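Trainee: Here you go, one structure.
The values are calculated or read from the model by the stated rules, or taken from the named source; none is laboratory data. Everything quoted here is computed from the prediction, not taken from an experiment. Note that we place each Cβ from the backbone using ideal geometry, even for glycine, and neighbour counts take in every protein chain shown.
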Amino acid sequence: MKEKFGEGAILTLGEARRVDVDVIPTGSISLDLALGVGGIPRGRVIEIFGPESSGKTTLALHIVAETQKKKGLAAFVDAEHALDPEYAKRIGVNIKELLISQPDTGEQALQIVESLVRSGAVDIVVIDSVAALTPRAEIEGEMGDQHIGLQARLMSQALRKLTHVVSSSNCIVLFINQVRIQIGIMYGNPETTPGGKALKFYSSVRIEVRRMAQVKKGEEIVGNRVRAKVVKNKV
């Protein structure tokens, strides 16, 4: 087996050495503790999801800022075309060092992500958001045309290609995702996330973010109190 597949291709479980997990802090001590390893693990696919204006992009930008503090290179694929550079700067992101792409289609966005990861030069790639990764066929089609399952197939194909490359490059690929309500669900949680089931499966960590209350100074709203729940952790 070793001659055919190489050293370490197959081992007994007792021979396997424990590997220390290399992480990037989230900027929140409580969330780092909840994750169990002190932050977001490198070389993994991560999903942050939640309702609108719940703090998903804010959390992602904090992770970008922490990456830059460790002298890492970060890339932001802005599929929503909505990144506010001034807000990112206030969070602590060095916008002069941040790589940014605003792709036209979902295919282009995911090809850019793959190229960045394969380059080995980038430590984290953030995709904002999965819901905005619109397939080319849908963009070029007519209003009212049905494109059932196109985005789910696109995500499934991309993640199959990305998973191994992400692991070998030690890069974090962080997807920001939204929450949708499934019509006709009578029992159980009607909420779901766009992009099919592939991202749920391939993500090593899934963090749900929800806004719980507003923080006020007198009558002025100065912030939001947010709850982050680690719903999946394979680290």
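Trainee: Somewhere in the range 206-222, is a residue under 24 Å from Asp104 (Cβ atoms) and either under 13 Å from the mean Cα position of the chain (by Cα) or at pLDDT 95 or above (or both)?
Mentor: Within the range 206-222, not a single residue is under 24 Å from Asp104 (Cβ atoms) and either under 13 Å from the mean Cα position of the chain (by Cα) or at pLDDT 95 or above (or both).
Trainee: Could I ask something else about it? Does the range 181-224 hold any residues that are of a type outside the set (A, V, I, L, M) and part of a helix (DSSP H, G or I), and which are they?
Mentor: Lys200, Phe201, Tyr202
Trainee: Output the number of residues of the range 52-87 satisfying the condition of being assigned to a helix (DSSP H, G or I), out of contact with any Gly (no Cβ under 9 Å at 6 or more places or on another chain) and buried (at least 22 other Cβ atoms within 10 Å of the Cβ).
Mentor: Residues meeting the conditions: 3.
Trainee: Among (1) part of a loop (DSSP other than H, G, I, E, B); (2) at pLDDT below 95; (3) of a type outside the set (Phe, Trp, Tyr), there is one condition Gly43 misses while meeting the rest; what is its number?
Mentor: Unmet for Gly43, out of (1) part of a loop (DSSP other than H, G, I, E, B); (2) at pLDDT below 95; (3) of a type outside the set (Phe, Trp, Tyr): (2).
Trainee: Identify the single condition in (1) within 19 Å of Ala198 (Cβ to Cβ); (2) in contact with a strand residue (DSSP E or B) (Cβ under 8 Å, 6 or more places away or on another chain); (3) free of Cβ contacts under 8 Å to residues at least 40 places away in the same chain that Ile100 does not satisfy, given that it satisfies every other one.
Mentor: Condition (1) is where Ile100 drops out.
Trainee: For the subset of the range 145-199 comprising residues that are closer than 17 Å to Ala79 by Cα and β-branched (Val, Ile, Thr), which member is surrounded by the most Cβ atoms within 10 Å (Cβ to Cβ)?
Mentor: In this case the residue turns out to be Val173.
Trainee: Tell me which residues, restricted to the range 163-200, are among the small types (Gly, Ala, Ser), farther than 24 Å from Pro25 by Cβ and at pLDDT 90 or above.
Mentor: Gly195, Gly196, Ala198
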